[in-house]
Amino acid sequence: SLKNIEASLAHVDASFFLGKVCFLVTWGVNYSSIKMSALWRLGEVCCSPVLFCGLELEGIRVTTAQQLSRMLQICTGHVPGVSALSFGLLMRNSAHD
(Lines give C-alpha, C1' and ligand atoms only; values in the text may rest on other atoms or scores of the structure.)
Protein backbone atom coordinates (compact mmCIF):
# COMPACT_ATOMS: atom_id res chain seq x y z
CA SER A 1 0.00 0.00 0.00
CA LEU A 2 1.01 3.60 -0.42
CA LYS A 3 1.30 4.11 3.34
CA ASN A 4 3.72 1.18 3.67
CA ILE A 5 5.90 2.49 0.85
CA GLU A 6 5.99 5.99 2.29
CA ALA A 7 6.90 4.63 5.75
CA SER A 8 9.68 2.50 4.27
CA LEU A 9 11.20 5.42 2.36
CA ALA A 10 12.38 6.93 5.63
CA HIS A 11 14.94 4.11 5.80
CA VAL A 12 16.35 4.33 2.25
CA ASP A 13 18.09 7.09 0.29
CA ALA A 14 15.70 8.04 -2.53
CA SER A 15 18.55 8.25 -5.06
CA PHE A 16 18.96 4.48 -4.62
CA PHE A 17 15.84 3.97 -6.75
CA LEU A 18 17.09 5.83 -9.84
CA GLY A 19 16.76 3.45 -12.78
CA LYS A 20 15.77 0.54 -10.53
CA VAL A 21 12.12 1.05 -9.64
CA CYS A 22 8.86 1.61 -11.44
CA PHE A 23 5.66 2.00 -9.50
CA LEU A 24 2.65 0.27 -11.07
CA VAL A 25 -0.68 1.55 -9.78
CA THR A 26 -3.66 -0.65 -10.58
CA TRP A 27 -7.26 0.49 -10.80
CA GLY A 28 -9.50 -0.34 -7.92
CA VAL A 29 -8.07 2.39 -5.77
CA ASN A 30 -10.51 5.18 -5.08
CA TYR A 31 -8.65 7.97 -6.87
CA SER A 32 -8.99 11.45 -5.51
CA SER A 33 -6.87 14.45 -6.35
CA ILE A 34 -5.02 14.02 -3.04
CA LYS A 35 -4.15 10.38 -3.72
CA MET A 36 -3.12 11.11 -7.30
CA SER A 37 -0.81 13.89 -6.15
CA ALA A 38 0.63 11.56 -3.51
CA LEU A 39 1.35 8.96 -6.19
CA TRP A 40 3.06 11.50 -8.46
CA ARG A 41 5.04 12.83 -5.49
CA LEU A 42 6.18 9.29 -4.69
CA GLY A 43 7.54 8.94 -8.21
CA GLU A 44 9.30 12.29 -7.98
CA VAL A 45 10.85 11.55 -4.58
CA CYS A 46 12.15 8.17 -5.79
CA CYS A 47 13.20 9.48 -9.21
CA SER A 48 11.06 6.69 -10.66
CA PRO A 49 8.25 6.45 -13.20
CA VAL A 50 4.67 5.77 -12.16
CA LEU A 51 2.43 3.76 -14.50
CA PHE A 52 -1.33 3.39 -14.11
CA CYS A 53 -3.15 0.26 -15.23
CA GLY A 54 -6.68 -1.06 -15.15
CA LEU A 55 -6.52 -4.83 -14.86
CA GLU A 56 -10.06 -5.53 -16.06
CA LEU A 57 -9.38 -5.11 -19.79
CA GLU A 58 -6.91 -7.34 -21.60
CA GLY A 59 -5.87 -4.57 -24.00
CA ILE A 60 -4.83 -2.33 -21.13
CA ARG A 61 -2.91 -5.17 -19.48
CA VAL A 62 -1.07 -5.88 -22.74
CA THR A 63 -0.22 -2.22 -23.28
CA THR A 64 1.07 -1.89 -19.72
CA ALA A 65 3.19 -5.03 -20.12
CA GLN A 66 4.64 -3.56 -23.33
CA GLN A 67 5.43 -0.29 -21.53
CA LEU A 68 7.18 -2.16 -18.73
CA SER A 69 9.14 -4.25 -21.24
CA ARG A 70 10.26 -1.13 -23.11
CA MET A 71 11.30 0.55 -19.87
CA LEU A 72 13.39 -2.50 -18.97
CA GLN A 73 15.04 -2.45 -22.39
CA ILE A 74 15.96 1.21 -21.95
CA CYS A 75 17.17 0.87 -18.35
CA THR A 76 19.35 -2.13 -19.20
CA GLY A 77 21.01 -0.32 -22.10
CA HIS A 78 19.40 -2.27 -24.95
CA VAL A 79 18.03 0.79 -26.75
CA PRO A 80 20.76 2.68 -28.62
CA GLY A 81 20.90 6.40 -27.91
CA VAL A 82 18.66 6.34 -24.84
CA SER A 83 20.01 6.03 -21.30
CA ALA A 84 18.12 5.36 -18.08
CA LEU A 85 18.90 8.93 -16.99
CA SER A 86 17.49 10.54 -20.15
CA PHE A 87 14.50 8.21 -19.93
CA GLY A 88 13.87 9.30 -16.34
CA LEU A 89 13.98 12.95 -17.37
CA LEU A 90 11.58 12.25 -20.24
CA MET A 91 9.16 10.47 -17.90
CA ARG A 92 9.35 13.28 -15.37
CA ASN A 93 8.70 15.95 -18.04
CA SER A 94 5.79 14.02 -19.58
CA ALA A 95 4.14 13.63 -16.17
CA HIS A 96 3.88 17.40 -15.85
CA ASP A 97 2.41 18.02 -19.33
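What order do HIS78, HIS11 take when sorted by accessible area (1.4 Å probe), most exposed first?
Order by accessible area, largest first: HIS11, HIS78.
Taking H as built 1.01 Å from N, whose amide H comes closer than 5 Å to the amide H of CYS53, not counting residues under 5 places away?
Hits under the 5 Å cutoff: VAL25, THR26, TRP27.
The values are calculated or read from the model by the stated rules, or taken from the named source; none is laboratory data. Computed from a predicted model, the values in this text were never measured in an experiment. Just so you know, the surface numbers come from the protein's heavy atoms only, side chains and all, with ligands and any DNA or RNA stripped out. Shrake-Rupley method; radii C 1.70, N 1.55, O 1.52, S 1.80 Å.
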